[in-house]
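We did not get these values from a lab; they are worked out from the coordinates using the rules stated. If you're wondering where the values come from, they're calculated on a predicted model, not measured in any experiment. All Cβ positions, even for glycine, are placed from backbone atoms using ideal geometry, and neighbour counts span all protein chains on display.
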Amino acid sequence: MSPEEIDSGTPHSARIYDYIIGGEDHFPADREAGDAMVREWPALPVHMRANRDFMHRAVGHLAREAGIRQFLDIGSGIPTSPNLHEIVQAEAPDARVVYVDHDPLVLTLSRDLLGGSDEGRTVYVEADLRDPAGILASPAFRGTLDLGRPVALTVIAIVHFLLDEDDAVGIVRRLLDPLPPGSYLAMSVGTADFAPDEVGRVAREYAARGMPMRLRTRAEAAAFFTGLDLVDPGIVQVHRWRPDGSGTEVLRDEDIAMYGAVARKP
């Protein structure tokens, strides 16, 4: 994918996220969109950083305590260190990671920036999460992960871009079904439960730029984990999932619009 093929004039969710959390890989359209959203909800950067911190804690737990050595990360986004593979390979150098995203800029940057340990492996699949069969059939997936061993499926801050007609729960289930018993699902799910007015205004800004959102209640978030064994503390706001005291920000419930959970496939 050449730079000329990247649509820099249309904002993209991955690049908006990168801009708001302080990254460097975005365009003026993404910055305009991000600024408009932060004006509507000044806590948005705090919320996004808390979500990323949840991802770090969740995959660290899976590599360290659960012994998982294979990870399938859906909607990986623009590489921002520490990336998922850096977290898990610091715990287990032989860990293997398959990243999946469909933004051409993510593909370009992933090829340039994503490394891995000598013992493990890190690959990238250009695919849409709406096509689970395509992801699972891709040569990079099949050549990297062994479905005879547990896999951690991570779906972080992405399903709020799946509408009811997309069948988000079904998509996640189709990704999880082929994974063997002992695999895990780690997810964060966007919600308006704690700041409905502010988060609703942010959602309208996304929708105005061609990115409609479907925010979910706790009960709707729980549907993704039906039949799985939730890891303590269950489904909670992301900043309340096993906080480790490493953050420097004071986090209030009303500033966090994401549920997070980790669950084991029996």
Suppose we filter Val202, Val238 for residues that are closer than 18 Å to Gly60 by Cα and either of a type outside the set (Val, Ile, Thr) or in contact (Cβ under 8 Å) with a residue 40 or more places away in the chain (or both); which single one remains?
Val238
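Can you tell me which residue within segment 49-81, out of those that are of a type in the set (Ser, Thr, Tyr) and without any contact (Cβ under 8 Å) to a residue 60 or more places away in the chain, is farthest from Leu251 (Cα to Cα)? It would help to see each step written out before you state the result.
Let us first name the residues in segment 49-81 that are of a type in the set (Ser, Thr, Tyr), namely 76, 80-81.
Now restrict to residues that are without any contact (Cβ under 8 Å) to a residue 60 or more places away in the chain: 76, 81.
On the way: Ser76: 24, Ser81: 22 Å.
Applying the filter and picking the extreme gives Ser76.
Within segment 1-28, take every residue that is of a type in the set (A, V, I, L, M, F, W, C) and touching a Ser or Thr at 6+ places or on another chain (Cβ under 6 Å) and give me the one that is farthest from Ala203 (Cα to Cα).
Residues of segment 1-28 that are of a type in the set (A, V, I, L, M, F, W, C), as a first pass: 1, 6, 14, 16, 20-21, 27.
Add one more test, that the residue is touching a Ser or Thr at 6+ places or on another chain (Cβ under 6 Å), and what stays is 1, 27.
Numbers: Met1: 30, Phe27: 20 Å.
Per the criteria, the residue is Met1.
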Val97 is checked against (1) without any contact (Cβ under 8 Å) to a residue 60 or more places away in the chain; (2) of a type outside the set (S, T, N, Q); (3) out of contact with any strand residue (DSSP E or B) (no Cβ under 7 Å at 6 or more places or on another chain) and fails just one. What number does that condition carry?
(3)
If I filter segment 145-157 for residues that are part of a helix (DSSP H, G or I) and within 24 Å of Arg57 (Cα to Cα), do I get at least one hit?
no
Find all pairs meeting these conditions: Cβ atoms under 6 angstrom apart; at least six residues apart or on different chains; first residue within segment 35-48 and within 12 Å of Gly22 (Cα to Cα); second residue β-branched (Val, Ile, Thr) and outside any helix (DSSP H, G or I).
Met48/Ile21
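In segment 244-261, what count of residues is obtained for those that are more than 17 Å from Thr217 (Cα to Cα) and either among the small types (Gly, Ala, Ser) or surrounded by 15 or more Cβ atoms within 10 Å (Cβ to Cβ) (or both)? Lay out the reasoning, then the answer.
Just the residues of segment 244-261 that are more than 17 Å from Thr217 (Cα to Cα), to begin with: 244-252.
Pick out the ones that are also either among the small types (Gly, Ala, Ser) or surrounded by 15 or more Cβ atoms within 10 Å (Cβ to Cβ) (or both) and you get 245-247, 251.
Adding up the residues that qualify gives 4.
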